[in-house]
Amino acid sequence: MQIQVNTGGNVPLYRQITDQVRQAIAAGQLQVGDAVPSVRQLAKDIVVNPNTVAKAYAELVRDGVLESQQGRGMLVSARKNVYTKAERLRRLDQALDVAISEAITLHFEMDEILQRMQQRLEKVGLSRTS
Amino acid sequence: MEDNRVIYTEDLTRYFGQQAVVRNLNLAVPRGAVVGLLGLNGAGKTTTLRMLLGMLEPTRGHATVLGKDSRDLTPEDRGRIGFTGEGHFLYDWMSIRDTEKFGRDTFPRWDDRLFQETVDRFGIARLAHVRSLSRGQRAGVSLASTLATAPELLILDDPSLGLDPVSRRALNETLIDFCATRQRSVLLSTHMLDDVERVADRVAIIVDGRLLVNTSLDDLQSRVAIWSVDGTFDPTRAAHVPGLIHSRPLGGRWMLTVADPDAESEAAIARLSATAPQRVNASLEDIVLAYLSRSRAEHSFYAGAN
């Protein structure tokens with residue numbers, strides 16, 4: 001997992017850290033039981049105040065994404081959903097909005113878009129549940 | 001109860017002649033915090049730091065530093081405070097090695113590791129003479145000398161002034177390393193907002209000698225919002241918006257920066273234009289600029305009125 005933060009934006013640094021840890025877990029780069037860098041180490045690596053890193057980790061622990069284990073540091077916890085249902089929907093919509101807006105710009109019709117979408121989903125092994 | 005504040009001031013005020021340079025300042029620095037002190041030149045930052053260090057008497061109020069009134073700091077107390085001022089004072093005729101030896105002989109708790117790591121980070125040769133150093137390297141040696149005294153509290157007055165990007169990076173890394181244990185505290189006066197966002201966890205904004213903001217970075221970013229409103233003329237000239245910090249034009253729209261917006265503020269903003277106002281997220285720079293620009297605008301207004 002490579003965490004990188006950017007200053008000067010409208011997303012606070014601690015939020016950039018929590019987002020990237022959640023994304024790394026969602027993408028499978030971090031597995032259950034994997035350790036994340038210590039507060040001190042991550043602060044040093046990304047040159048960010050250790051209190052800011054500690055705040056990010058505290059939020060991830062509170063949300064059940066990470067857990068602190070004696071002697072082993074901070075680990076990815078067993079819980080599956082790192083996002084709430086509402087947050088998952090919000091993120092899905094956000095990703096779809098980008099794709100939809102691009103598809104419309106390229107003059108595709110709804111049927112073509114849906115058909116294409118289905119093909120791609122089947123390609124990665126997803127199928128209709130009904 | 002143990003006091004968790006390494007610095008706190010109560011109505012700290014300083015006049016120079018008739019002019020109040022620092023007015024009723026109530027600033028607190030918790031142990032383990034890195035506070036970025038922001039403000040325009042002449043806002044009172046350096047005067048505040050000089051009072052904290054006991055180098056200048058307050059006209060009114062007082063400052064408590066490491067549990068003592070700043071006017072009564074003993075040499076031992078001063079040994080627990082590290083200070084690097086503008087210009088980075090060093091002896092020009094010494095080499096880096098001489099500077100290190102001088103420090104080691106002068107300070108009982110001199111930390112060789114901190115000195116060497118800092119000097120290395122700034123890429124400075126041990127045998128170089130102080131007079132041959134670049135501005136960034138001078139800053140590095142000066143900072144190394146201050147940190148090596150193992151202070152509990154570090155006070156820095158504009159340390160990044162005139163530094164190249166590599167030296168600025170080295171400065172930030174050094175400060176992060178310094179506060180890694182989260183027990184040492186830093187008060188950092190600067191104009192570099194990117195550095196504050198990285199290195200600090202709290203911000204204090206001084207405008208015309210008054211402290212307008214003194215809170216955590218996250219709290220500041222969550223409590224200040226920006227609305228984008230249609231209009232050719234500044235819509236806030238005719239209507240009152242509760243919590244308004246500053247209003248500025250941007251491409252045919254007006255950006256309204258508002259602190260602690262409530263239903264009343266939102267309603268007031270909604271009445272300003274025919275189209276629905278859009279709320280946008282504020283960056284640290286947006287927020288700080290809003291506070292500082294307001295001060296500048298008021299200055300010109302007063303100048304015009306006189």
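The values are calculated or read from the model by the stated rules, or taken from the named source; none is laboratory data. Bear in mind the structure is a predicted one, so any value in this text is a computation, not a measurement. Cβ coordinates were reconstructed from backbone atoms using ideal geometry, including for glycine residues, and neighbour counts include every protein chain displayed. Accessible surface areas use protein heavy atoms only, side chains included; no ligands, DNA or RNA. Shrake-Rupley method; radii C 1.70, N 1.55, O 1.52, S 1.80 Å.
Tell me, which residue of segment B:62-87 that is in contact (Cβ under 8 Å) with a residue 40 or more places away in the chain and of a type in the set (Ser, Thr, Tyr) is farthest from B:Asp158 (Cα to Cα)? Filtering segment B:62-87 for residues that are in contact (Cβ under 8 Å) with a residue 40 or more places away in the chain and of a type in the set (Ser, Thr, Tyr), the one farthest from B:Asp158 (Cα to Cα) comes out as B:Thr64. From the list B:Gly243, B:Gly252, B:Gly231, the one residue that fits, being touching a helix residue (DSSP H, G or I) at 6+ places or on another chain (Cβ under 8 Å), over 14 Å from B:Leu37 (Cα atoms), open to solvent by 10 Å² or more (accessible area, probe 1.4 Å) and among the small types (Gly, Ala, Ser), is B:Gly243. The single condition among (1) open to solvent by 30 Å² or more (accessible area, probe 1.4 Å); (2) under 27 Å from B:Asp195 (Cβ atoms); (3) in contact (Cβ under 8 Å) with a residue 12 or more places away in the chain; (4) in a helix (DSSP H, G or I) that A:Ile100 does not meet is (2).
Scanning segment A:103-130 for residues that are modelled with pLDDT of 90 or more and surrounded by 10 or more Cβ atoms within 10 Å (Cβ to Cβ) yields A:Ala103, A:Ile104, A:Phe108, A:Glu109, A:Met110, A:Glu112, A:Ile113, A:Leu114, A:Gln115, A:Arg116, A:Met117, A:Gln118. Scanning segment A:53-63 finds no residues that are modelled with pLDDT under 95 and under 11 Å from the mean Cα position of the chain (by Cα). Residues satisfying the criterion are present in segment A:54-75 (criterion: in a helix (DSSP H, G or I), within 18 Å of A:Gln2 (Cβ to Cβ), within 14 Å of chain B (Cβ to nearest Cβ) and among the hydroxyl-bearing types (Ser, Thr, Tyr)). Here B:Ala239 meets each of (1) outside any loop (DSSP other than H, G, I, E, B); (2) of a type outside the set (Phe, Trp, Tyr); (3) away from chain A (no Cβ under 14 Å) with one exception, condition (1). Within segment B:115-134, the residues that satisfy the criterion of being open to solvent by less than 20 Å² (accessible area, probe 1.4 Å) and part of a helix (DSSP H, G or I) are B:Phe115, B:Thr118, B:Val119, B:Val130. Taking each residue of segment A:1-13 that is at the interface with another protein chain (Cβ under 7 Å from one of its Cβ atoms) and looking for partners that are of a type in the set (S, T, N, Q) with beta-carbon atoms closer than 6 Å, six or more apart or interchain, yields A:Gly9/B:Ser283; A:Asn10/B:Asn281; A:Asn10/B:Ser283; A:Pro12/B:Gln221; A:Leu13/A:Thr52. Any chance segment A:32-49 includes a residue that's more than 14 Å from chain B (Cβ to nearest Cβ), over 14 Å from the mean Cα position of the chain (by Cα), closer than 30 Å to B:Phe178 by Cβ and open to solvent by less than 30 Å² (accessible area, probe 1.4 Å)? Yes, segment A:32-49 contains at least one residue that is more than 14 Å from chain B (Cβ to nearest Cβ), over 14 Å from the mean Cα position of the chain (by Cα), closer than 30 Å to B:Phe178 by Cβ and open to solvent by less than 30 Å² (accessible area, probe 1.4 Å).
Hey, among B:Thr118, B:Thr59, B:Thr106, B:Thr99, which residue is farther than 25 Å from B:Asn4 by Cβ, more than 19 Å from the chain's Cα centre (by Cα) and free of Cβ contacts under 8 Å to residues at least 24 places away in the same chain?
Values: B:Thr118 fails: free of Cβ contacts under 8 Å to residues at least 24 places away in the same chain; B:Thr59 fails: free of Cβ contacts under 8 Å to residues at least 24 places away in the same chain; B:Thr99 fails: free of Cβ contacts under 8 Å to residues at least 24 places away in the same chain.
One residue alone meets the criteria, B:Thr106.
Residues are listed down the side, and each one gets a yes or a no for (1) open to solvent by 30 Å² or more (accessible area, probe 1.4 Å); (2) within 14 Å of another protein chain (Cβ to nearest Cβ):
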| site | (1), (2) |
| --- | --- |
| A:Gln16 | no, yes |
| A:Gln23 | yes, no |
| A:Asn51 | yes, yes |
| A:Arg91 | yes, no |
| A:Ala95 | yes, no |
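Here is a yes/no grid of residues against (1) open to solvent by 20 Å² or more (accessible area, probe 1.4 Å); (2) of a type in the set (Lys, Arg); (3) within 14 Å of another protein chain (Cβ to nearest Cβ); (4) in contact with a His (Cβ under 8 Å, 6 or more places away or on another chain):
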| residue | (1), (2), (3), (4) |
| --- | --- |
| B:Leu147 | no, no, no, no |
| B:Glu152 | yes, no, no, no |
| B:Asp157 | no, no, no, no |
| B:Pro165 | yes, no, yes, no |
| B:Thr174 | no, no, yes, no |
| B:Thr181 | yes, no, yes, no |
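Of all the listed residues (A:Glu59, A:Glu87), the sole one being among the charged types (D, E, K, R) and in contact with a helix residue (DSSP H, G or I) (Cβ under 8 Å, 6 or more places away or on another chain) is A:Glu59.
Among the numbered criteria (1) open to solvent by less than 60 Å² (accessible area, probe 1.4 Å); (2) at pLDDT below 90, which single criterion is violated by B:Phe89? (1) is the only condition that B:Phe89 fails. How many of the residues making up segment B:9-19 are surrounded by fewer than 17 Cβ atoms within 10 Å (Cβ to Cβ) and within 20 Å of the chain's Cα centre (by Cα)? Qualifying residue count, segment B:9-19: 2.
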